[in-house]
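Next up is a structure, given as structure tokens.
The values are calculated or read from the model by the stated rules, or taken from the named source; none is laboratory data. For clarity, every value in this text was computed on a predicted model and none was experimentally measured. Cβ placement follows ideal geometry from the backbone for every residue including glycine, while neighbour counts extend to all protein chains displayed. What goes into the accessible areas is simple: the full protein's heavy atoms, side chains included, and nothing from ligands, DNA or RNA. Shrake-Rupley method; radii C 1.70, N 1.55, O 1.52, S 1.80 Å.
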Amino acid sequence: MTTYATLAQEARAHWAALHERPWIRVGTAICGKAAGAQEVLHALRRAVERRGIPATVTPVGCIGLCFAEPLVDIQKPGRPRIFYQKVTPHLAATLVEDYLLQDNPRPDLALGTLGGRVEGIAPLEEHPAWKPQVRIATRNCGTVEPANLAHYIANGGYQGLAKALTEMKPAQVIEEVTKSGLRGRGGAAFSTGAKWNFLARAPGPVKYILVNCEEGDPGAFNDKGILESDPFTLIEGCTIAGYATGATKGYVFIRHGHEGPITFTRKAIQEAYKAGLLGKNILGSAFSFDMEVALTGESYVSGEETALMEAIEGKRAMPRSRPPFPAQVGLWGKPSNINNVKTLSYVPEVVARGGAWFASIGTEKSKGTAIVCLSGQVARPGWYEVPFGLTLRRVVEDIGGGTGTGRPVKLLQTGGPLGGVLGAERLDIALDFDGMAQAGAIFGSGGIIVADTATCAVDLVRNLVAFCQFESCGKCFPCRLGFTHMLEVLDRIAAGQGRPSDLEAMRTIGQAMSLGSLCGHGQLGFNPVHSALRFCAEDFRIHLEERRCPTGACEPRLSLPKRTRPEPVGGWYARHSYAHH
Amino acid sequence: MSSSDEALRQRIRQAIASQPQPTVTVLSSLLAVQDAVGWLPPEAIEEVARHTGATVNDVWAVASFYTNFRFTPPGIHTIEVCWGPTCHLLGAQAILRAVQEALGLPGEGDTPDKRFSLKLNTCLGACAQAPALLLDHHLYGRVTPEQARRLLQGLNHTAPHQEAP
Ligand code: SF4
Ligand code: FES
């Protein structure tokens, strides 16, 4: 039988051995790959081999500083990690020559250091994009090899689960999580402890924890980022949730095509089974828990709680009506809890360090940290874990470095396409679930897309509504037809052919959608237009009255795919559109 | 039934049977076939129905719902351009236009010579490197229209694009 103590001892020895020779880490998550990290990784391996240097080269996930990709850090024995930004294959070879062979750390190429000082290089802790961060759920991202159990445990991993299993009753775990004030990070911001309680009270020998990593919202990439960089933190969190609620199995739900998150989560689950951290009698206790990855096809709505269950069951991802609620009748009719990746990724630290510690971070009602994804017209796009309470201005200007275009911020698009937009005049509100809601924005899962004054609100909203149209699951007609109609109206406004009645028409459509739609996709469907009218009415007025686009951003003919999902009448579809292809 | 039909069925059955996760469903099986074969031929619908005990109608219902399934063979190269709001703000339409012009396509679809398939993607997950495009599983960030054009020109048309070694 494996005990936590033996696992920890082995892991620490492994980690220490790693540090006995130079260790080169290369960020090869999705953003790194898009910037060419794979080529840099190969160049480093080749250079090290050619010069016969006994160094370890390891692909790691993303540390969140996507603007600096490809990002490489080199740690010599007993020295701090030195980060180099925008590394090319050529620069990679130079670094091997200069730092590894000549011992010149090339301060001119460095972004910063972590874990100590090096002459001429500013510590990363002082960098404006790093300084405000408090890294809890993302503590290991970019530092450990994803899906490497020894790396995870050597950095304190599985302490939380070991503590829960040996020192705490399930109810105590729920109590601790409740005390921490942790709220769901998927958008609804519901108390995690309360949610777990529903499941714990639900009867039955079979219950499920469903982890939602559909993350189809453009502008959000933090769930995928965690799974691609440190899947064990989610797996440990999910296992603890299973113990606390009496659940028997966890499903991690990921969108097909996101290869990094899928591969690493699968591999980490396998490793956990091998080490006795999943499966029967975990760490020798009476508790057993299984996990697997379930894939969904491309469908944004499959991220909705009940649609997600349909997709795991292998069907069309169409929301179910509620009640019954998932905690009573969920996946395959069994009690189920749906948690977001980020929410569960906090749990190991919450349990290991105590709820009071977590509750001491953040604001009165929004405890802990927010993991924000910055993208768009921003100098330093990336994902950053910051305490709640920071103002949006500090996030955009200090961390993000402003628009980087020389033009001021005009709009923020937050919380996914349905979250709508927020005018620059609201930049001083604090990052907070409730504060942002009061200001007319949605924190959602943390995506913040920055748009500067070259943006036309009509153009941006048209894109958002086109997304919603494309993604409507088609189950209810107010949503299916409402988005299609709203998009038609926006198309003609953008083309300078709007009618005086158009704003009213969109309001009427929006009202019908919010009243007559089954799920949030349709209910919130008017939000993009509504919020844009609130903050940028002038853009609409100029389009309608002067028949021109104020910024020139609107193009009459855009390539935006329109789609209505066909009725599920397979036989007909098969005969008519398929069999004769 | 010709032997190539039988070979295709074999590949499909193999894909359905070798899914790594314990829970096998209509959707998971369709995804497995699409990954292995590149599209869903009618045989895939039949085989998935047989394997899962669902009706052909039910399998069709699922296949027609998710936008990543194809019902005709894809071109040698598949290029996906992101049109999500981040990419949109940073110039996705110009990239799309460049790609469409280079391929002679008015929008999503396949070139008549079956060399290219163009797909629009709602978000490739690389928003921090927007605008982004995916060429045969290789992701490119901060793309310019010029670069997109060059990428397409530099392709060899007999095999999918490979990542650098
Ligand atoms: S509101 Fe829209 S997305 Fe939601 S169930 Fe109805 S049609 Fe589907
Ligand atoms: S919006 Fe284009 S990659 Fe996310």
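Taking the range B:119-136 as the search range and keeping residues that are out of contact with any Pro (no Cβ under 8 Å at 6 or more places or on another chain), within 14 Å of B:H77 (Cα to Cα) and open to solvent by 10 Å² or more (accessible area, probe 1.4 Å), which one is nearest to ligand 1 (Cβ to nearest atom)?
For the range B:119-136, the residue satisfying everything is B:K119.
Turning to a different aspect of this structure: Which ones in the range B:59-97 are among the hydrophobic types (A, V, I, L, M, F, W, C), away from ligand 2 (no atom under 16 Å from the Cβ) and touching a Gly at 6+ places or on another chain (Cβ under 6 Å)? Quick ask: steps written out before the conclusion?
Filtering the range B:59-97 down to residues among the hydrophobic types (A, V, I, L, M, F, W, C) leaves B:59-63, B:65, B:69, B:71, B:76, B:79, B:81-83, B:87, B:89-90, B:92, B:94-96.
Okay, now just the ones that are also away from ligand 2 (no atom under 16 Å from the Cβ), so B:59-63, B:65, B:69, B:71, B:76.
Across the range B:59-97, the qualifying residues are B:W60, B:A61.
Related question: Given the structure, is A:G389 in contact with a helix residue (DSSP H, G or I) (Cβ under 8 Å, 6 or more places away or on another chain) and more than 11 Å from chain B (Cβ to nearest Cβ)?
Working: in contact with a helix residue (DSSP H, G or I) (Cβ under 8 Å, 6 or more places away or on another chain): no; more than 11 Å from chain B (Cβ to nearest Cβ): yes.
In short, no.
Within the range A:400-414, how many residues are within 13 Å of chain B (Cβ to nearest Cβ) and in contact with a strand residue (DSSP E or B) (Cβ under 7 Å, 6 or more places away or on another chain)?
Of the residues in the range A:400-414, 10 are within 13 Å of chain B (Cβ to nearest Cβ) and in contact with a strand residue (DSSP E or B) (Cβ under 7 Å, 6 or more places away or on another chain).
Right, next: Examine the range A:277-290 for a residue that is in a helix (DSSP H, G or I) and either small (G, A, S) or within 10 Å of chain B (Cβ to nearest Cβ) (or both), and state whether such a residue exists.
Checking the range A:277-290: at least one residue is in a helix (DSSP H, G or I) and either small (G, A, S) or within 10 Å of chain B (Cβ to nearest Cβ) (or both).
For the range A:208-260, which residues satisfy the criterion of being in a loop (DSSP other than H, G, I, E, B), away from ligand 1 (no atom under 16 Å from the Cβ) and open to solvent by 10 Å² or more (accessible area, probe 1.4 Å)?
Result: A:E215, A:F221, A:G246, A:T248, A:H256, A:G257, A:H258.
Among the candidates A:L464, A:L518, single out the residue that is within 30 Å of A:D432 (Cβ to Cβ) and within 16 Å of ligand 2 (Cβ to nearest atom).
On inspection, the qualifying residue turns out to be A:L464.
Those residues that are more than 9 Å from ligand 2 (Cβ to nearest atom) and either within 7 Å of chain A (Cβ to nearest Cβ) or over 14 Å from the mean Cα position of the chain (by Cα) (or both), I need them from the range B:118-137; list them, please.
B:L120
Taking the range A:29-81, which residues are of a type in the set (G, A, S) and either at negative phi or surrounded by 20 or more Cβ atoms within 10 Å (Cβ to Cβ) (or both)? Explain how you work it out, then say what you get.
From the range A:29-81, those of a type in the set (G, A, S) are A:29, A:32, A:34-37, A:43, A:47, A:52, A:55, A:61, A:64, A:68, A:78; that's our starting set.
Those that are of a type in the set (G, A, S) and either at negative phi or surrounded by 20 or more Cβ atoms within 10 Å (Cβ to Cβ) (or both): A:A29, A:G32, A:A34, A:A35, A:G36, A:A37, A:A43, A:A47, A:A55, A:G61, A:G64, A:A68.
Moving on. Please verify whether A:G181 is open to solvent by 20 Å² or more (accessible area, probe 1.4 Å) and modelled with pLDDT under 95, treating the condition exactly as stated.
Answer is no for this residue.
As an exercise: evaluate A:Q511 against (1) more than 30 Å from the chain's Cα centre (by Cα); (2) away from ligand 1 (no atom under 16 Å from the Cβ); (3) surrounded by fewer than 19 Cβ atoms within 10 Å (Cβ to Cβ); (4) not aromatic (F, W, Y) and give the number of the one condition it does not meet.
Every condition holds for A:Q511 apart from (2).
Kindly indicate which of A:V450, A:V529 is aliphatic (A, V, I, L, M), touching a residue at least 24 places away in the same chain (Cβ under 8 Å), more than 12 Å from chain B (Cβ to nearest Cβ) and buried (at least 21 other Cβ atoms within 10 Å of the Cβ).
A:V529
Can you report the number of residues in the range A:539-550 which are surrounded by fewer than 17 Cβ atoms within 10 Å (Cβ to Cβ) and within 25 Å of B:A92 (Cα to Cα)?
Restricting attention to the range A:539-550, the residues satisfying the condition of being surrounded by fewer than 17 Cβ atoms within 10 Å (Cβ to Cβ) are A:541, A:545-548.
With the extra rule that they be within 25 Å of B:A92 (Cα to Cα), the set shrinks to A:547-548.
Summing the residues that are surrounded by fewer than 17 Cβ atoms within 10 Å (Cβ to Cβ) and within 25 Å of B:A92 (Cα to Cα) in the range A:539-550 gives 2.
While we're looking at this one, here's another question. When you look at A:A494, is it away from ligand 2 (no atom under 16 Å from the Cβ), open to solvent by less than 30 Å² (accessible area, probe 1.4 Å) and within 28 Å of the chain's Cα centre (by Cα), yes or no? Break it down stepwise before answering.
Numbers: away from ligand 2 (no atom under 16 Å from the Cβ): yes; open to solvent by less than 30 Å² (accessible area, probe 1.4 Å): yes; within 28 Å of the chain's Cα centre (by Cα): no.
For A:A494, the condition - away from ligand 2 (no atom under 16 Å from the Cβ), open to solvent by less than 30 Å² (accessible area, probe 1.4 Å) and within 28 Å of the chain's Cα centre (by Cα) - is not met.
Please state which of the following conditions B:S4 fails to meet, knowing it meets all the rest: (1) within 23 Å of B:A61 (Cα to Cα); (2) out of contact with any Lys or Arg (no Cβ under 6 Å at 6 or more places or on another chain).
Every condition holds for B:S4 apart from (1).
Right, here's the next one. List the number of the failed condition for B:S29; all other conditions in (1) touching a Pro at 6+ places or on another chain (Cβ under 9 Å); (2) among the small types (G, A, S); (3) at the interface with chain A (Cβ under 10 Å from one of its Cβ atoms) hold.
Among (1) touching a Pro at 6+ places or on another chain (Cβ under 9 Å); (2) among the small types (G, A, S); (3) at the interface with chain A (Cβ under 10 Å from one of its Cβ atoms), the lone unmet condition for B:S29 is (1).
While we're here: Any residue at all in the range A:543-563 that is touching a strand residue (DSSP E or B) at 6+ places or on another chain (Cβ under 9 Å), hydrophobic (A, V, I, L, M, F, W, C) and within 24 Å of A:T296 (Cβ to Cβ)?
Within the range A:543-563, one or more residues are touching a strand residue (DSSP E or B) at 6+ places or on another chain (Cβ under 9 Å), hydrophobic (A, V, I, L, M, F, W, C) and within 24 Å of A:T296 (Cβ to Cβ).
Those residues that are open to solvent by 10 Å² or more (accessible area, probe 1.4 Å), more than 8 Å from ligand 1 (Cβ to nearest atom) and within 13 Å of chain B (Cβ to nearest Cβ), I need them from the range A:463-481; list them, please.
The answer is A:F470, and nothing else.
To continue, here is another question. In this structure, does A:P89 turn out to be away from chain B (no Cβ under 14 Å) and either touching a residue at least 24 places away in the same chain (Cβ under 8 Å) or surrounded by fewer than 17 Cβ atoms within 10 Å (Cβ to Cβ) (or both)?
No; evaluated as a whole, the condition is false for this residue.
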